[in-house]
Every structure is written in structure tokens, then in C-alpha cells.
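Participant: Have a look at the structure that comes next, please.
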Amino acid sequence: PPGPHTAVRLSPGDVIKVSYADETIPDQTQKIRRDGKVSLPLIGEVTAAGKRVIDFQHELVRRYEGELENSEVLVTVENGTATVTVSGFANKAGVYPFDRPTTVYQAVMQAGGVSDYGSPSNIHLTRVIGGAQLTETVNLRPAIRGQALRPEYVQDGDVIYIGRSWF
């Protein structure tokens with residue numbers, strides 16, 4: 001289940017809340033900018049995008065040491081939507097907004113599932129990482145049959161292409 005050890009990462013557009021134990025600083029609610037950063041009191045700009053919430057929280061605790069009497073902070077995602085394009089041989093191809101965490105399997109099902117001409121074992125997940133467009137093939141056939149599968153979580157901007165079945 002989703003939790004501090006899942007691969008769900010902060011993305012530009014996510015709205016986060018930073019709550020401070022030290023009452024001299026008011027809590028901050030900010031949207032992660034396109035460049036992946038937020039601007040916080042005393043420490044300035046910090047890159048949040050690409051980090052797990054728990055890792056970002058630990059980073060802020062370290063950066064606030066010496067700046068605050070009590071450097072403990074709590075980071076929560078107030079609004080974490082991801083817009084994902086599902087195309088190819090889906091029953092209802094289109095662009096879908098999701099509250100995260102959402103898996104590739106859930107996104108495909110939201111798009112009406114794999115059409116009669118599509119293949120659940122020929123699904124391509126394309127995402128931009130570090131400025132490069134990378135694609136991996138995801139096999140959802142075991143999940144459809146009820147078998148355990150390590151979930152792959154969608155991120156904002158992902159494209160899921162359901163390939164043709166050759167059978």
C-alpha cells in the first residue's frame with residue numbers, strides 16, 4: 001500500500017504544506033513550481049520535485065537545524081494531481097487527472113480498460129526523467145488475472161500507450 005516507502009514522488013504542480021514545530025514561523029502552503037522548487041523562510045529555494053515526501057521532510061529538518069530552535073517540520077501533500085494521457089487501444093482513450101497515488105493499472109481501467117484489439121501485456125509507459133523521454137513496457141496481464149504485481153505509479157505528464165494485440 002502507498003506509504004513512506006512507495007515510489008510516489010513530488011511533482012511540479014503538487015501543493016504541499018510545510019508545518020513547523022517552531023511557532024516563530026507560520027506554516028507554509030505552496031505549489032511546487034515548474035522548475036521543481038519551493039521557496040521557504042530562512043532557507044530559500046529548495047528542490048522538492050522528484051523526491052518522496054518523507055525524504056523531502058528529512059531534508060528540510062536537516063536544513064533548518066541551526067536556523068530554528070526546534071527544526072522539526074511535517075510535510076504533507078495538500079493536492080497532488082497527476083494528468084496522464086492514455087492512448088492506443090484503450091476503450092476510452094483520453095487525458096485523465098488523478099489524485100495520486102494511482103497505478104498504471106488503475107489509469108488503464110479508468111480509460112475503460114484494454115480494447116478487444118489491445119494487449120494488456122503490451123503497455124508502454126512513457127515519462128520524462130532528467131530531460132530525457134524514457135519508455136518502459138508494463139505487463140498488466142498478471143494483474144488482470146488477479147496475481148500479485150509490483151505496482152507502477154503514474155506521475156504527472158505520463159503517457160500510457162496500449163499496444164495492439166497480435167493474437
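The values are calculated or read from the model by the stated rules, or taken from the named source; none is laboratory data. None of these values were measured; they are calculated from a predicted model. When we count neighbours, we look across all protein chains shown, and the Cβ atoms used for this are built from the backbone with ideal geometry, even at glycine. To get the accessible areas, we keep the full protein, side chains included, count just its heavy atoms, and leave off ligands, DNA and RNA. Shrake-Rupley method; radii C 1.70, N 1.55, O 1.52, S 1.80 Å.
Participant: Working only within the range 62-77, note down all residues that are part of a helix (DSSP H, G or I) and crowded, with 16+ Cβ neighbours inside 10 Å.
Facilitator: 63, 64
Participant: Would you point out the residue of the range 104-146, among those that are over 15 Å from residue 89 (Cβ atoms), among the hydrophobic types (A, V, I, L, M, F, W, C) and open to solvent by 30 Å² or more (accessible area, probe 1.4 Å), that is modelled with the highest pLDDT?
Facilitator: 134
Participant: Hey, another quick one. What are the residue pairs meeting all of these: first residue in the range 133-161, first residue farther than 16 Å from residue 86 by Cβ, second residue part of a loop (DSSP other than H, G, I, E, B) and not polar (S, T, N, Q), Cβ atoms under 8 Å, and 6 or more apart or on different chains?
Facilitator: Between residues of the range 133-161 that are farther than 16 Å from residue 86 by Cβ and residues that are part of a loop (DSSP other than H, G, I, E, B) and not polar (S, T, N, Q), the close pairs are 142/148; 142/149; 149/140.
Participant: Does the range 147-161 hold any residues that are open to solvent by less than 70 Å² (accessible area, probe 1.4 Å) and of a type in the set (S, T, N, Q), and which are they?
Facilitator: 155
Participant: Now, a different point. Specify the residue that is nearest to residue 24 (Cα to Cα); the eligible residues are those in the range 34-49 that are assigned to a loop (DSSP other than H, G, I, E, B) and small (Gly, Ala, Ser). First the steps, then the outcome.
Facilitator: To start, the set of residues in the range 34-49 that are assigned to a loop (DSSP other than H, G, I, E, B) comprises 34-36, 41-43, 48-49.
The next check asks that each one be small (Gly, Ala, Ser); those that pass are 36, 48-49.
On the way: 36: 26, 48: 23, 49: 27 Å.
The selected residue is 48.
Participant: Continuing with the same structure: Could you check residue 35 against (1) open to solvent by 40 Å² or more (accessible area, probe 1.4 Å); (2) of a type outside the set (Phe, Trp, Tyr); (3) within 15 Å of the chain's Cα centre (by Cα) and say which number it fails?
Facilitator: Residue 35 satisfies every listed condition except (3).
Participant: Of all residues being in contact with a Gly (Cβ under 8 Å, 6 or more places away or on another chain) and among the β-branched types (Val, Ile, Thr) in the range 92-128, which is nearest to residue 160 (Cα to Cα)? Just the residue, please.
Facilitator: Per the criteria, the residue is 123.
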